[in-house]
1. Identify, from the list VAL103, VAL109, the residue that is in contact (Cβ under 8 Å) with a residue 40 or more places away in the chain and open to solvent by 30 Å² or more (accessible area, probe 1.4 Å).
2. Out of the residues in region 135-150 meeting the condition of being within 8 Å of the chain's Cα centre (by Cα) and open to solvent by less than 20 Å² (accessible area, probe 1.4 Å), tell me which one is farthest from LEU80 (Cα to Cα).
3. Are any residues in region 153-170 open to solvent by less than 20 Å² (accessible area, probe 1.4 Å) and under 14 Å from PHE74 (Cα atoms), and if so, which ones?
4. Can you tell me which residues in region 1-29 are open to solvent by less than 70 Å² (accessible area, probe 1.4 Å) and part of a helix (DSSP H, G or I)?
5. Evaluate region 80-90: report whether one residue or more is farther than 18 Å from THR145 by Cα, of a type in the set (A, V, I, L, M) and open to solvent by 70 Å² or more (accessible area, probe 1.4 Å).
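The values are calculated or read from the model by the stated rules, or taken from the named source; none is laboratory data. Since the structure is predicted, the reported quantities are computational estimates derived from the model, not experimental observations. As a convention, Cβ positions derive from the backbone with ideal geometry for all residues, glycine included, and neighbour counts pool all protein chains shown. The accessibility values were calculated without ligands, DNA or RNA, using every heavy atom of the protein model including side chains. Shrake-Rupley method; radii C 1.70, N 1.55, O 1.52, S 1.80 Å.
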Amino acid sequence: MTITTLALLLLTPILVWRIYSRLKTQMARQRSIVSRHYTGVLVFAGMILVSLSEVFNRPYALGALAAGTALGVFWGVFALKRTVYEDTEGGYFFTPPMRLGIVMAMVLVARVLYLGVEIYASQQGNVPAPRFTDSPLTMLCVGLTAAYFAAYSVGLLLWRRKLRQAIERA
C-alpha cells in the first residue's frame, strides 16, 4: 500500500463528514430568493440534459437516467409537501425536509467518490479510466439527485408565483 493510497483512505471519511456538515447547514431555514430558484432549475436541468446527450445511444444508461429522473421528480414533489413555508414581514422563508435533502445529495456524492476511487485504482493497474457516464448506476444517481433539486426549485418558484398573484389580487 502506497502512501498516497493510505492518505486517501484516511482523508475520505473527513471529506464525507465535511460534505455532510455543509449539507446539514444548507438544509435549515432559508430565505427564498427567486434568482437562486431559477439557478437551481437551470443547473440541475442542465445536468440531466448533458447526461442525456452523453447516453442517448446506450439504452441501459439512458433507462437508468430516465428512471432516476422520474424518481427524483417524485421525491422532489414529496419534499415540497413536507416543506415549511413562511411569509413574514422580513421576507419569504422556507425550511426543506433536512433528511431527504441530505440523502439525495449524498447519493451523488457517494457515487462520485466511488468513481474517484475507481479512477485511482485504474491508474495503478494500467486500465483505461471509466467515463462518468459509462455506468447505469451513475446515471441513476445523477438523474435522481438532479431531478430532485430541479423539481424542488420549480416548486419554490411556483410557491412564490402563487404568493405574488395573491398580492396582486388583494
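1. Numbers: VAL103 fails: in contact (Cβ under 8 Å) with a residue 40 or more places away in the chain.
When all the criteria are applied, what remains is VAL109.
2. As a first pass, look at region 135-150 and keep what is within 8 Å of the chain's Cα centre (by Cα): 142, 144-149.
Going one step further and asking which of them are open to solvent by less than 20 Å² (accessible area, probe 1.4 Å), we end up with 142, 145-148.
On the way: VAL142: 20, THR145: 15, ALA146: 15, ALA147: 13, TYR148: 10 Å.
My answer is VAL142.
3. Narrowing region 153-170 to residues open to solvent by less than 20 Å² (accessible area, probe 1.4 Å): 153, 155-156.
Once the filter is applied, which keeps residues that are open to solvent by less than 20 Å² (accessible area, probe 1.4 Å) and under 14 Å from PHE74 (Cα atoms), region 153-170 yields SER153, GLY155.
4. Selection gives THR5, ALA7, THR12, VAL16, ILE19, SER21, LEU23.
5. Yes, some residue in region 80-90 is farther than 18 Å from THR145 by Cα, of a type in the set (A, V, I, L, M) and open to solvent by 70 Å² or more (accessible area, probe 1.4 Å).
Residue-wise test of (1) in contact (Cβ under 8 Å) with a residue 24 or more places away in the chain; (2) under 18 Å from THR138 (Cβ atoms); (3) surrounded by fewer than 17 Cβ atoms within 10 Å (Cβ to Cβ).
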site: ARG31; (1), (2), (3): yes, no, yes
site: VAL34; (1), (2), (3): yes, no, yes
site: GLY46; (1), (2), (3): no, yes, yes
site: LEU52; (1), (2), (3): no, yes, no
site: TYR60; (1), (2), (3): yes, yes, yes
site: LEU65; (1), (2), (3): yes, yes, no
site: LEU71; (1), (2), (3): yes, yes, yes
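Condition check ((1) over 28 Å from TYR92 (Cα atoms); (2) of a type outside the set (A, V, I, L, M); (3) under 16 Å from the mean Cα position of the chain (by Cα)) across all residues:
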| residue | (1), (2), (3) |
| --- | --- |
| PRO13 | yes, yes, no |
| LEU23 | no, no, yes |
| ARG36 | no, yes, yes |
| PHE44 | no, yes, yes |
| ILE48 | yes, no, yes |
